[in-house]
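Below is one structure, written out as C-alpha coordinates; the observations come after it.
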Amino acid sequence: MGMFDFKPVKIKKPKIPSARNVLPRKRDIQRMISNKRIREPVSAKIKTAVKKRAGNKCEAKGCRHSTYLDFHHKNMKNDDNRVQNIVLLCPIHHREAHDKKKVLKTKDSFGNTINHKVVSKETKKRIVKKRKKQNPFGMGFGGF
(Lines give C-alpha, C1' and ligand atoms only; values in the text may rest on other atoms or scores of the structure.)
Protein backbone atom coordinates (compact mmCIF):
# COMPACT_ATOMS: atom_id res chain seq x y z
CA MET A 1 0.00 0.00 0.00
CA GLY A 2 1.27 3.30 -1.06
CA MET A 3 1.20 6.51 0.79
CA PHE A 4 -1.33 8.14 -1.51
CA ASP A 5 -3.94 5.36 -1.96
CA PHE A 6 -7.35 7.00 -1.65
CA LYS A 7 -10.79 5.48 -1.79
CA PRO A 8 -13.04 7.00 -4.46
CA VAL A 9 -15.54 9.38 -2.90
CA LYS A 10 -19.13 9.31 -4.14
CA ILE A 11 -20.60 12.76 -4.48
CA LYS A 12 -24.38 12.93 -4.25
CA LYS A 13 -26.20 15.25 -6.62
CA PRO A 14 -28.10 17.94 -4.77
CA LYS A 15 -31.85 17.56 -4.97
CA ILE A 16 -33.35 20.53 -6.72
CA PRO A 17 -37.05 20.89 -5.93
CA SER A 18 -39.31 21.02 -8.95
CA ALA A 19 -41.21 24.20 -9.70
CA ARG A 20 -44.45 22.31 -8.99
CA ASN A 21 -43.46 21.81 -5.35
CA VAL A 22 -42.21 25.35 -4.85
CA LEU A 23 -44.61 27.61 -6.73
CA PRO A 24 -48.29 27.77 -5.82
CA ARG A 25 -50.88 27.05 -8.50
CA LYS A 26 -52.73 29.96 -10.10
CA ARG A 27 -56.01 29.00 -8.42
CA ASP A 28 -54.28 28.88 -5.02
CA ILE A 29 -53.05 32.45 -5.53
CA GLN A 30 -56.55 33.54 -6.60
CA ARG A 31 -58.01 31.88 -3.51
CA MET A 32 -55.54 33.76 -1.26
CA ILE A 33 -56.23 37.13 -2.91
CA SER A 34 -60.03 36.99 -2.99
CA ASN A 35 -62.64 35.15 -1.01
CA LYS A 36 -64.42 33.99 -4.17
CA ARG A 37 -64.78 30.28 -4.77
CA ILE A 38 -62.32 28.92 -7.32
CA ARG A 39 -63.30 25.93 -9.42
CA GLU A 40 -61.25 22.82 -8.72
CA PRO A 41 -61.05 20.32 -11.56
CA VAL A 42 -62.69 16.97 -10.89
CA SER A 43 -59.92 14.49 -10.11
CA ALA A 44 -59.43 11.35 -12.19
CA LYS A 45 -60.15 9.22 -9.12
CA ILE A 46 -63.58 10.80 -8.65
CA LYS A 47 -64.36 10.66 -12.39
CA THR A 48 -63.57 6.94 -12.40
CA ALA A 49 -65.80 6.34 -9.36
CA VAL A 50 -68.71 8.24 -10.95
CA LYS A 51 -68.31 6.40 -14.27
CA LYS A 52 -68.21 3.07 -12.47
CA ARG A 53 -71.35 3.89 -10.49
CA ALA A 54 -73.17 4.99 -13.66
CA GLY A 55 -71.95 2.07 -15.73
CA ASN A 56 -70.58 4.52 -18.34
CA LYS A 57 -74.14 5.57 -19.26
CA CYS A 58 -76.27 8.65 -18.67
CA GLU A 59 -77.74 8.53 -15.15
CA ALA A 60 -81.02 10.17 -16.19
CA LYS A 61 -83.98 7.86 -15.77
CA GLY A 62 -84.60 5.81 -18.91
CA CYS A 63 -81.65 7.24 -20.89
CA ARG A 64 -79.15 4.84 -22.45
CA HIS A 65 -76.69 7.27 -24.06
CA SER A 66 -73.10 6.26 -23.50
CA THR A 67 -71.13 8.76 -25.61
CA TYR A 68 -70.14 12.39 -24.97
CA LEU A 69 -71.12 12.24 -21.30
CA ASP A 70 -70.75 15.25 -18.98
CA PHE A 71 -70.12 15.49 -15.25
CA HIS A 72 -72.88 17.54 -13.57
CA HIS A 73 -72.78 18.94 -10.03
CA LYS A 74 -76.17 18.32 -8.38
CA ASN A 75 -75.96 21.30 -6.03
CA MET A 76 -74.62 23.58 -8.83
CA LYS A 77 -71.45 24.35 -6.84
CA ASN A 78 -68.66 23.49 -9.22
CA ASP A 79 -66.04 23.36 -6.49
CA ASP A 80 -67.89 20.63 -4.57
CA ASN A 81 -66.31 17.55 -6.15
CA ARG A 82 -67.65 14.82 -3.89
CA VAL A 83 -68.71 11.59 -5.61
CA GLN A 84 -72.24 11.96 -4.15
CA ASN A 85 -72.58 15.42 -5.72
CA ILE A 86 -71.56 14.48 -9.27
CA VAL A 87 -73.73 12.66 -11.82
CA LEU A 88 -72.90 11.51 -15.33
CA LEU A 89 -75.32 12.94 -17.92
CA CYS A 90 -75.63 13.01 -21.69
CA PRO A 91 -75.57 16.54 -23.23
CA ILE A 92 -79.38 16.59 -23.58
CA HIS A 93 -80.05 15.80 -19.92
CA HIS A 94 -77.16 18.01 -18.77
CA ARG A 95 -78.70 21.03 -20.55
CA GLU A 96 -82.11 20.08 -19.16
CA ALA A 97 -80.69 19.98 -15.63
CA HIS A 98 -79.30 23.50 -16.04
CA ASP A 99 -82.54 24.80 -17.57
CA LYS A 100 -84.70 23.43 -14.76
CA LYS A 101 -82.58 24.72 -11.90
CA LYS A 102 -80.90 28.08 -11.48
CA VAL A 103 -78.45 29.35 -8.88
CA LEU A 104 -79.65 32.27 -6.81
CA LYS A 105 -76.80 34.18 -5.19
CA THR A 106 -77.16 36.85 -2.54
CA LYS A 107 -74.28 39.33 -2.60
CA ASP A 108 -73.14 41.95 -0.13
CA SER A 109 -72.40 45.57 -1.08
CA PHE A 110 -68.88 44.62 -2.20
CA GLY A 111 -70.10 41.96 -4.64
CA ASN A 112 -69.04 38.96 -2.53
CA THR A 113 -71.44 36.01 -2.52
CA ILE A 114 -72.88 35.51 0.96
CA ASN A 115 -75.61 32.99 0.13
CA HIS A 116 -75.98 30.30 -2.55
CA LYS A 117 -79.30 28.57 -3.22
CA VAL A 118 -80.48 26.32 -6.07
CA VAL A 119 -84.06 27.13 -7.09
CA SER A 120 -86.37 26.55 -10.03
CA LYS A 121 -86.20 28.89 -13.02
CA GLU A 122 -89.60 30.47 -12.22
CA THR A 123 -88.70 31.03 -8.56
CA LYS A 124 -85.48 32.81 -9.52
CA LYS A 125 -87.35 35.14 -11.92
CA ARG A 126 -89.89 35.97 -9.20
CA ILE A 127 -87.23 36.67 -6.55
CA VAL A 128 -85.05 38.77 -8.87
CA LYS A 129 -88.11 40.83 -9.90
CA LYS A 130 -89.00 41.37 -6.22
CA ARG A 131 -85.42 42.43 -5.40
CA LYS A 132 -85.39 44.94 -8.27
CA LYS A 133 -88.62 46.50 -6.98
CA GLN A 134 -87.16 46.81 -3.48
CA ASN A 135 -83.84 48.21 -4.69
CA PRO A 136 -84.07 49.68 -8.22
CA PHE A 137 -80.46 50.94 -8.27
CA GLY A 138 -78.95 47.52 -7.47
CA MET A 139 -76.78 48.90 -4.67
CA GLY A 140 -76.41 47.05 -1.39
CA PHE A 141 -76.56 50.18 0.77
CA GLY A 142 -79.57 52.19 -0.32
CA GLY A 143 -78.41 53.25 -3.79
CA PHE A 144 -76.09 56.11 -2.82
For segment 75-91, give me each residue that is modelled with pLDDT of 90 or more and more than 16 Å from Lys45 (Cα to Cα). Leu89, Cys90, Pro91
Which ones in segment 1-56 are exposed (fewer than 10 other Cβ atoms within 10 Å of the Cβ), among the charged types (D, E, K, R) and modelled with pLDDT under 75? Asp5, Lys13, Lys15, Arg20, Lys26
Within segment 105-124, restricting attention to residues that are part of a strand (DSSP E or B) and touching a residue at least 24 places away in the same chain (Cβ under 8 Å), which residue is surrounded by the fewest Cβ atoms within 10 Å (Cβ to Cβ)? Lys107
Just to verify a result, which residue in segment 60-92, among those that are at negative phi and over 20 Å from the mean Cα position of the chain (by Cα), is surrounded by the fewest Cβ atoms within 10 Å (Cβ to Cβ)? Lys61
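The values are calculated or read from the model by the stated rules, or taken from the named source; none is laboratory data. Small disclaimer: the values here were computed from a predicted structure and weren't measured. Glycine also receives a Cβ, built like all others from the backbone with ideal geometry; neighbour counts cover every protein chain displayed.
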